[in-house]
Amino acid sequence: MPHIVPFVTEIDMNSGELSAPGYVIQRKLSDMATMYIDEAAARRILAEEGDRLIYEVQGVALPAEEGQIPHCTTRILAGRIGEEYHMTKGHYHARREQGEVYFGLSGRGYLVMQTETGETSVVEMVAGSAAYVPPYWAHRTVNVGAEDFVFFSAWEARASHDYGAIERAGFRKLVLLRNGKPAVLENPNYS
Ligand code: M6P
Ligand code: ZN
């Protein structure tokens, strides 16, 4: 078993940048155009404005073994695709029994969660919010503000990401602009 020595990472709370990221993931509109309810709006943006960065993840590199606690920041840029706010893809954990902790660093977002048995929960996060994603809950974050929404996450290494169910069926709840503010609505396409 590799022996990891203690380390500290400095985080820029406004950009989510790590002092020494082990990995950086950028998700663009073209990576997730089919995930937005108004896919035609996504296609229009891609055709007329070109691709757009939706969010960036910066994390520390740790082995995927029992007891390790990977952690990262996510920065979701402000904006919408049609009426739907910029969001992450969202996932269940491959090991459903593993939870996760989020901590808001800057901006304002919604954390959208659901279980496979039909429960849903949406909580608001601002700088200083510690949000708990319990075991068995899929999770997606949405930037509902005018600035970047940046948060920190930590989870157990073997939890692992399972994107399949969300890619196939989506989330039950959507966060859309309504009357000038974010509203949580039923997803008519949820299957
Ligand atoms: C959070 C954590 C990460 C995740 C990231 C982006 O920071 O849950 O594990 O990778 O959000 O979300 P997604 O993987 O769903 O694109
Ligand atoms: Zn997770």
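Tabulated values for the structure
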quantity	calculated
Global geometry of the stretch 1-119, whether rounded, prolate or oblate, following the gyration tensor of its Cα atoms and the 1.5 cut on a/c	prolate
Nearest 10 degrees, 0 to 90: helix 39-48 Cα axis against the chain principal axis	90 degrees
Global form of the stretch 64-191, assessed from the alpha-carbon gyration tensor, a/c cut-off 1.5	oblate
Relative contact order computed over the chain (Cα-Cα under 8 Å; 6+ residues apart), in percent	23 percent
Helix-derived mean residue ellipticity, 222 nm - over the chain, DSSP H n ≥ 4, -39500 (n - 2.57), to 500	-2500 deg cm²/dmol
Local net charge near D162, Cβ-Cβ under 15 Å (Lys/Arg +1, Asp/Glu -1)	+1
Relative packing of 86-95, 12-21, which averages over residues the other C-beta atoms within 10 Å, highest first	86-95, 12-21
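FYI, it's all coordinate maths here, none of it is from the lab. Not measured: the values here are computed from a predicted model. Here Cβ is always computed from backbone atoms with ideal geometry, including for glycine, and neighbour counts include all displayed protein chains.
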